[in-house]
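What follows is a set of notes on a single structure, which appears directly below.
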Amino acid sequence: MTMTVELQAPAAATPQTARAPRLTRLARPLLGLLLPLSLALAWELAVWAGWSNGRLVPPPSKVFTTIAELARSGELTRHIATTLTRVGVGFGLGVVAGTLLGGICGYWGVARRLVDPTIQALRAIPSIAWVPLFILWLGIFETSKVALIAVGVFFPVYLGLTGAILSVDRKIVEVGRIFRLSGPAMIRRILLPAVLPAYVVSLRVGLGLGWMFVVAAEFMGASEGLGYLLIDGQQLGKPAQIVAAIVIFAIIGKATDWLLETATAPLLRWQDSFARQSGAA
């Protein structure tokens, strides 16, 4: 008695099935916009219905009108470009310093015991406390503003990289030593892939703190920048301008975080993570 087994060939991919993942990728950003747009619509309806006068917290329509007026006058482009330049330069300096010092302290125990306690003490200092010192040392011009942003970026990058190196599995390092890898080869082939996920997260945290610190930096006698728009709106009693500046901060901050996440994604393609399996990434 013979038994036959019929194997069915997998169904060929149709244009509809190939289009489904693409539609899913497009739907994720739209899903993220659902909450803020719903809140904005709810507040607009509340002001329109007379439940609030919208004086201290203006409705989205008035905020949008304010942004459009600033864009038409050219002020918005100038303020955004100034703030982006400060954050970009400060972020770059903070990342370089945090990466170098974090790598040295994470890899070399003597340097960690010597330097890390001081850095941890400096990390506890509030950002505003640096402002008068930087003004005294560097003046009220661009150098002090960039330095303050760099300080805000430095600490999460340093802490994230140092912690990632110290948390590398000891057994993996032992395998590298068994194969007699040199110091540079150990860093390139074992430590670097192991610390990259945590390092990317620390870069994103540092970028977020850079956007927070730029507000404090632009309080230091700035005549341009989104932080200046906040102060100008407060002094002139323009709540719509204040909210408009906050909204622009949120949009640009999210956009730069997305750019950083997209730029570093190819470095983490080897990860078989939960986010990749569940489609959350």
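Laboratory data are not the source of any read-out in this text; all were calculated from the coordinates shown. This structure is a prediction, so every number in the text was calculated from the model and none was measured. For neighbour counting, all protein chains shown are included, and Cβ atoms are generated from backbone atoms with ideal geometry for every residue, glycine included.
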task = For I231 and E44, calculate 0.36 nm times their separation in residues minus their Cα-Cα distance, and state this gained length in nm to one decimal.
result = 64.8 nm
Loop sites in the range 89-149: chymotrypsin sites (Phe, Trp or Tyr not before Pro), DSSP, at most 11 other Cβ within 10 Å = none
ask   = Just in the range 167-254: which chymotrypsin sites (Phe, Trp or Tyr not before Pro) are loop by DSSP and have at most 14 other Cβ atoms within 10 Å?
value = F179
message = How large is the direction-averaged shadow of the alpha-carbon convex hull of the range 41-164, in nm²?
response = 11.5 nm²
ask   = For the range 95-191, what Kirkwood radius comes out of the mean inverse Cα-Cα distance, in Å?
value = 15.2 Å
Measure of compaction for the range 142-278 (Cα Rg per 2.2 N^0.38 Å) = 1.42
request  = Would you work out which of G176, P239, P197 lies farthest towards the positive end of the dipole of the chain? Charges go on Cβ: Lys and Arg +1, Asp and Glu -1.
outcome  = G176
ask   = Can you work out ³J(HN,Hα) from phi for every residue in the range 186-196, in order, using Karplus 6.51 cos²θ - 1.76 cosθ + 1.60 and θ = phi - 60°, giving whole Hz and x for Gly and Pro?
value = 4, 5, 6, 9, 10, 5, 4, x, 6, 9, 4
note = Computed ³J(HN,Hα) along the range 115-121: with the Karplus parameters 6.51/-1.76/1.60, θ = phi - 60°, integer Hz and x for glycine or proline, the list is 9, 4, x, 5, 5, 5, 5
key: the chain: most fluctuating residue of I135, I246, I178 per GNM, C-alpha cutoff 10 Å   = I178
request  = Return the inverse of the average 1/r over all pairs of distinct C-alpha atoms in the range 73-129, which is the Kirkwood hydrodynamic radius, in Å to one decimal.
outcome  = 13.8 Å
Point-to-point label distance, L122-I178, nm (Cα→Cβ direction, 7 Å offset) = 4.1 nm
query = Between S52 and S167, what length in nm is gained on full extension when 0.36 nm per residue of separation is reduced by their alpha carbon distance?
reply = 36.1 nm
task = Principal axes first, then extents: for the Cα atoms of the range 55-104, list largest minus smallest coordinate on each axis, whole Å, largest first.
result = 52, 24, 12
ask   = What does the convex hull of the Cα atoms of the chain come to per residue, in Å³, rounded to a whole number?
value = 236 Å³
ask   = Relative contact order of the chain: what whole-number percent is it, with Cα pairs under 8 angstrom and at least 6 residues apart?
value = 22 percent
key: Residue among A150, A68, A121 with the largest mean-square fluctuation in a Gaussian network model of the chain, springs linking Cα atoms under 10 Å   = A121
Inter-label distance, nm, simple model (7 Å from Cα along the C-beta direction), L35/V201 = 1.9 nm
Residue-averaged 222 nm ellipticity for the chain, from DSSP H runs of 4+ at -39500 (n - 2.57), nearest 500 = -25500 deg cm²/dmol
